[in-house]
Each structure stands twice: as C-alpha cells, then as structure tokens.
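The structure under discussion appears below in the form of structure tokens.
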Amino acid sequence: AAAAAAAAAAADGSNTATNAAATAAAAAAAARTATAIDDGYGHDGIGDDDERATRLRIADDMLRLLVTLLFDRTLTSYTDVRRAALRRDLVHELASADQQRSALAPRYRQELGECFDATLAAVGDFHEPQRSKAGYYSLREECWKEVDPYYAYLPPSQMQTLLERLRARTTATTTTNTSS
C-alpha cells in the first residue's frame, strides 16, 4: 500500500501528492522500525504471542504519532494552514462515507460559517434530497487523489471504511484501464 501511494504521489507531482508520498515512505519505515523494536525485545522464548502483538501495536502507534508530528504541517501555524487542514479533514470524512452537512457541522464548530461551507462545497458534490433520502455530500471525483491512506485523525472503524472504499476505487480504476 505504501509503495502504491508513493507511486501515485510521484506520478501526480502535486504538493499534496509529495506529502502523501513522504508520509507513505515514513509509514513504511515506521512499520519496519516497529518490527525491529519488537525484535530488540527478543524472540528468546520470553513472552507469549499476545505480549509480542501488544508490543508491536504500541511501537506502531508510537511511530505513527511520530510520522504525524513530523509531516503534519497543520501543527505549525493557524491561518491558511487551518483552511488546508479543514479541507484535508473534510476530504477524509467524505472519503470514508457520504455524509449530510448536519453530521459534519458539529465536528467543525470553529470553522462553521463561510470557510466551512465554502470548503465543503469545494470538496463535496451535493446530492439533492429524494423522497426517502435526505440530501448528502459525496467526495468530488478530483478530490480522491488527496486521500492519504495513512491519515491519522479518523477513528479506526471509519479509517477501515475509507481504506475499503479507496481499495474498491483503485480496483475499479485498474479494471477499467486494463479492459481499455
């Protein structure tokens, strides 16, 4: 997955793609480091598989946090960077599921107003309400390239859904390109 993200980012050449490639490379290095940390605790028969799995999860979480702190530029200032962070957050929220504005708005109280609505309109396509279904936003086609599979700010269940949707899109795109 890291190699695919890095390759896609390199092909795109955009700043977002460069950040995604750097994040993917760092996450791959983090996974290798987590394994090395676990190996450092030794496979000398001490500790069972549950302890080893716990150590790997802790090391992986620690290294993901480190990668996030190193590559997340939203942690450095607040003006235009906050708008970029809002865009990134909304892209990932909509990549994980189509959502109503009323579901998104409470999570971004500080950004409510022109900035929130303008950003939501920029990254999402609004689908008019139907008889049995309320209106909702889905991620714009051109915004899927901004999705980072190593995004750290979604709950695990929501991140799993995002990865499944991303994988399905990648498979569909690959199948379409292969049959052409």
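The values are calculated or read from the model by the stated rules, or taken from the named source; none is laboratory data. Here the structure is a predicted model, which is why all the values come from computation and not from measurement. Counting neighbours? That spans all protein chains shown, and the Cβs are built from the backbone with ideal geometry, glycine included. Just so you know, the surface numbers come from the protein's heavy atoms only, side chains and all, with ligands and any DNA or RNA stripped out. Shrake-Rupley method; radii C 1.70, N 1.55, O 1.52, S 1.80 Å.
For a protection proxy built on the mean count of beta-carbon atoms within 10 angstrom, sort 166-175, 145-154 highest first, please. Can you show the working numbers first?
On the way: 166-175: 12.3, 145-154: 19.0.
With the highest mean Cβ count within 10 Å placed first, the list reads 145-154, 166-175.
Taking θ as phi - 60°, what are the ³J(HN,Hα) couplings along the stretch 156-172 by the Karplus curve (6.51, -1.76, 1.60), each to the nearest whole Hz, with x for Gly and Pro?
x, 5, 5, 5, 4, 5, 4, 5, 5, 5, 5, 4, 5, 5, 5, 5, 5
Averaged per residue, what accessible surface does the stretch 106-180 expose to a 1.4 Å probe, in Å²? Mind showing how you got there, number by number?
Details: 5040 Å² over 75 residues.
Per residue, the stretch 106-180 has an accessible area of 67 Å².
Using θ = phi - 60° and the Karplus form 6.51 cos²θ - 1.76 cosθ + 1.60, what ³J(HN,Hα) does each residue of the stretch 129-139 get, whole Hz, x for Gly and Pro?
Each residue of the stretch 129-139 in turn: x, 10, 3, 9, 9, 6, x, 8, 10, 10, 5 Hz.
Determine how large the accessible area of Ser102 is when every protein chain is in place; take a 1.4 Å probe and give Å² rounded to the nearest 10.
Answer for Ser102: close to 80 Å² accessible.
Please label the shape of the stretch 130-179 as rounded, prolate or oblate, based on the square roots a ≥ b ≥ c of the eigenvalues of the alpha-carbon gyration tensor (a/c under 1.5 means rounded; beyond that, a/b larger than b/c means prolate, else oblate).
Details: a/c = 1.97, a/b = 1.13, b/c = 1.74.
Oblate is the answer for the stretch 130-179, as a/c is 1.5 or above yet b/c matches or exceeds a/b.
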